[in-house]
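First comes the structure, then the notes that go with it.
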Amino acid sequence: NKILEAEGLIPPVRTCHAKSEELSEQFGEGVFDITHTRNALDHVSDPIKSIEEMLKVTKPGGKMIIRGYVNEGVTEAYQGYHQWNFGWEGEEFLIWRPFQKYHLGEVIGNRGEILRVPLSPTDPTEGKNPNKWYKVVIEPL
């Protein structure tokens with residue numbers, strides 16, 4: 001907020017702190033046209049609950065965008081915040097760590113459509129590392 005004020009900018013919605021596992025408690029259901037997370041879900045204690053909460057707060061017909069590093073838990077040897085892995089296996093998007101595996105399609109069920117979105121070659125991080133990033137868009141129904 002200090003940077004916005006210093007630049008004389010007034011955003012339509014102010015950024016605020018929220019726990020991803022409690023989004024609907026803080027904001028209500030079906031209130032956002034777009035929800036987005038970038039390189040963060042591998043850091044949360046319950047990414048499945050976080051995704052379900054994103055789905056709850058996103059309006060039907062809106063977009064949920066999930067982006068991050070592929071299998072960051074493995075890459076970082078499950079140290080610190082990196083406790084989960086995310087990535088495509090064939091046509092399935094998986095969320096996993098040792099002894100736990102979730103298929104995003106089963107998590108979402110008939111509540112949304114999962115789209116495999118190509119990475120942007122112009123994005124400064126995705127474009128330089130296309131094999132290290134994933135991007136998923138979910139359209140809630």
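The values are calculated or read from the model by the stated rules, or taken from the named source; none is laboratory data. Note that the coordinates shown come from a computational prediction; the quantities given were computed from them, not determined experimentally. Positions of Cβ are generated from backbone atoms using ideal geometry, with glycine treated the same way; all protein chains shown enter the neighbour counts. Remember, those area values only see protein heavy atoms, side chains included, never the ligands or the DNA or RNA. Shrake-Rupley method; radii C 1.70, N 1.55, O 1.52, S 1.80 Å.
A few comments on the model shown:
- Every test in (1) among the acidic types (Asp, Glu); (2) under 18 Å from ILE138 (Cα atoms); (3) surrounded by 16 or more Cβ atoms within 10 Å (Cβ to Cβ) is passed by GLU106 save one, and that test is (3).
- Top-ranked residue of the range 85-116 - restricted to ones that are in contact with a helix residue (DSSP H, G or I) (Cβ under 7 Å, 6 or more places away or on another chain) and among the basic types (Lys, Arg), ranked as nearest to GLU53 (Cα to Cα): ARG111
- Scan of the range 42-51 for residues that are of a type in the set (A, V, I, L, M, F, W, C) and at pLDDT below 95, ordered by number: VAL44
- Sole residue being free of Cβ contacts under 8 Å to residues at least 12 places away in the same chain and within 26 Å of GLN26 (Cα to Cα), chosen from GLY62, GLY109, GLY68: GLY109
Conditions tested, residue by residue: (1) more than 15 Å from GLU139 (Cα to Cα); (2) of a type in the set (Gly, Ala, Ser); (3) assigned to a helix (DSSP H, G or I).
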| residue | (1), (2), (3) |
| --- | --- |
| SER45 | yes, yes, no |
| GLU53 | no, no, yes |
| PRO60 | no, no, no |
| GLY73 | yes, yes, yes |
| GLY80 | yes, yes, no |
| TRP88 | yes, no, no |
| ILE95 | yes, no, no |
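- Qualifying residue in the range 55-63 (condition: within 27 Å of ARG14 (Cα to Cα), surrounded by 17 or more Cβ atoms within 10 Å (Cβ to Cβ) and at pLDDT below 95): no
Residues checked against (1) small (Gly, Ala, Ser); (2) more than 22 Å from LYS19 (Cβ to Cβ); (3) under 15 Å from the mean Cα position of the chain (by Cα):
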| residue | (1), (2), (3) |
| --- | --- |
| LEU41 | no, no, yes |
| ILE51 | no, no, yes |
| ILE66 | no, no, yes |
| GLU72 | no, no, yes |
| ILE95 | no, no, yes |
| GLU106 | no, yes, no |
| GLY109 | yes, yes, no |
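- Taken over the range 23-38, the criterion of being open to solvent by 90 Å² or more (accessible area, probe 1.4 Å) and not in a strand (DSSP E or B) is satisfied by GLU25, GLN26, GLU29.
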